[in-house]
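The values are calculated or read from the model by the stated rules, or taken from the named source; none is laboratory data. Computed from a predicted structure; not experimentally measured. Please note: Cβ atoms are built from the backbone with ideal geometry, for glycine as well, and neighbour counts cover all protein chains shown.
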Amino acid sequence: MCDHHRVWRRFGVLDLIRIGLLVLGLVFVATGLLPWDDAVDSLSHIGPLLVFLVAIIVLAELTKEAQVFDAIAARMAVLGRGNYAALFFLCGIFASLVTIFLNLDTTAVLLTPVMLALAAKAGIAALPLAMTTIWLANTASLLLPVSNLTNLLGMQKIGLDAQEFAARMWAPQIAAIAVTMAFLWVFFWRRGERRDLRYTPPVLEPVADRVLFWAASFGCVLFVVLLLLEFHVAVAATPAALVVVGAFLLRARERLTWRLVPWQLVIFVTGLFLVVPTLSGNGLSELMTSLIGDEGDPYRTAAVGAALSNVINNLPAFQAVATVIPDLDQDRLLALLVGTNVAPLVTPWASLATLLWFESCRRHDVKVPMRRFLLTGAGLAVVGLVATVWALVELG
C-alpha cells in the first residue's frame, strides 16, 4: 500500500489529468461509444505526431546536455550588451522568425532551452524569457502553412497555395506579433516587473565536449534543413535525434536514460485523439454549427475556435469547427485559424506547443505561476484575437 501511495505522489495534477484522459478514451472504445475502426483511424493519424514528439524532445534534451543552447544564449546576451530593451527585441525577433519559418513546436522545444539558458547566463529572471517563447510560438504561427500544424490541416480545404496564404495572412501576423510584444513588455519585461536597470553580459566559456557539441549542432541543423525541404516533421526529427543519440552512445552513454522519453505527452495526445472523435460523433458537429452560426461572421468563428482550443486543444478544435464550414469559405476558415493559432494561451493543454513548453520548463525546474499564466494569457488571447481578426478582415 505504501509503495502505491509513493508512486501516486510522484504524479502532478497535470499527470493525473493526462492519465485520466487516456483512461476515458479507452472506456469510450471499450463501450462502443467510439467504434473500433474510428479509433484505429484516429490513432493512425497521430502515429507520426507521436514519433515527432518523442524524437524532438530527445533531440532537445541531448542538445541541452551538449551545451549548444548555452553557447547560443551566451552570444545573444553578449549581443544585447546589458540593455534589457535590446535583449527583449532580439528575443522577440528570434522567436518570431523560428516560429514563422520552422513551426511553433520547434520554437517550444528548441528555443525554450535557449531562453532558459540565456536567463542563467545573464543572471536574469527566467519567466520573462520563457513567456516570450511560448506566446510568440503561438501568435507568430499565422504567416506560412509550415508555421502551424493547423495551417497544414486546413490548406486543402481553404484552397490557397503558400504564397496566396501568406498574402492573406501578412497583416494578421503583424498585428498578432505587435500585440504580443506589447503584452510581454507590460506584464513581464518592463523595469517594474524585472527590477534591474541592466544585466551583466556573460563571459563566453569553452564547451566541455566539443564532439558532443558539434554532433548536437549538426542534429539541429539537419532537422531544420529537412523541414525546409518539406519533409514531414516526424521524418525530419527522427534522423536528427538518432545522430545525437549515437554521439552520446559513444561519448556519454550514462546520460541516455528513460527520463528522456516524454511519456506524459504521449499519453495525453493519445487520450485526446480518442475522446474528441467520440464527442464529434455524438453531437459535437451539431453544436459547432449552432455556435458559429450561418451568417459567416469571422469574429464569431474565431471566438469559437479560440474558446474550443482552450477547452480541448487547438488541433482537434480546428478539425471540429472546420468540418462544419464549407470548402473554400476562405474568410471563415482563415478566421478560424486566427482563433486556433493566436488564442490558445490560457490553458496548459491549449496547444501542443504549450504542452511541450511546460514539459521543458518542468525539466529545467522553472516554476510557472499558474494564476499569472492564466490571467495574462486570457488578456492577450482576447485583445490579440480582436486585433488579428480586424487585420484579416480589413487588410488581409
Quiz prompt | Conditions (1) surrounded by 14 or more Cβ atoms within 10 Å (Cβ to Cβ); (2) among the hydrophobic types (A, V, I, L, M, F, W, C); (3) farther than 30 Å from residue 389 by Cβ; (4) touching a residue at least 24 places away in the same chain (Cβ under 8 Å); number of the one not met by residue 231 | solution = (4)
Quiz prompt | Subset of segment 187-220 [under 27 Å from the mean Cα position of the chain (by Cα) and modelled with pLDDT of 90 or more] | solution = 187, 188, 212, 213, 214, 215, 216, 217, 218, 219
Quiz item: Residues in segment 90-107 that are free of Cβ contacts under 8 Å to residues at least 24 places away in the same chain and touching a helix residue (DSSP H, G or I) at 6+ places or on another chain (Cβ under 8 Å): how many?
Solution: 3
Self-check item: Test result for residue 223, assigned to a helix (DSSP H, G or I), closer than 25 Å to residue 79 by Cα and out of contact with any Ser or Thr (no Cβ under 6 Å at 6 or more places or on another chain)
Solution: no
Quiz item: Considering only residues of segment 204-225 that are touching a residue at least 24 places away in the same chain (Cβ under 8 Å) and aliphatic (A, V, I, L, M), which is surrounded by the most Cβ atoms within 10 Å (Cβ to Cβ)?
Solution: 216
Quiz prompt | All positions within segment 356-380 that are at pLDDT 85 or above and within 20 Å of residue 103 (Cα to Cα) | solution = 357, 358, 361
Exercise. Would you point out the residue of segment 23-61, among those that are touching a Phe, Trp or Tyr at 6+ places or on another chain (Cβ under 6 Å) and in a helix (DSSP H, G or I), that is surrounded by the fewest Cβ atoms within 10 Å (Cβ to Cβ)?
Key: 46
Practice problem: Residues being closer than 28 Å to residue 260 by Cβ, modelled with pLDDT of 90 or more and part of a helix (DSSP H, G or I): count how many of those fall in segment 103-162. | Solution: 12
Quiz item: Can you find a residue in segment 342-360 that is touching a Ser or Thr at 6+ places or on another chain (Cβ under 8 Å) and either farther than 19 Å from residue 140 by Cα or of a type in the set (Phe, Trp, Tyr) (or both)?
Solution: yes
Quiz item: Do any residues in segment 161-181 that are within 25 Å of residue 131 (Cβ to Cβ) have Cβ atoms under 7 Å from those of residues that are assigned to a helix (DSSP H, G or I) and among the hydroxyl-bearing types (Ser, Thr, Tyr), where the two are at least six apart or on different chains, and which pairs are they?
Solution: 172/388; 175/388; 176/139; 176/388; 177/96; 177/139; 180/139
Quiz item: Can you list the helices (runs of 4 or more DSSP H) found entirely within segment 278-392 that contain at least 3 residues being closer than 27 Å to residue 144 by Cβ and in contact (Cβ under 8 Å) with a residue 24 or more places away in the chain?
Solution: 298-312, 314-322, 330-342, 352-363
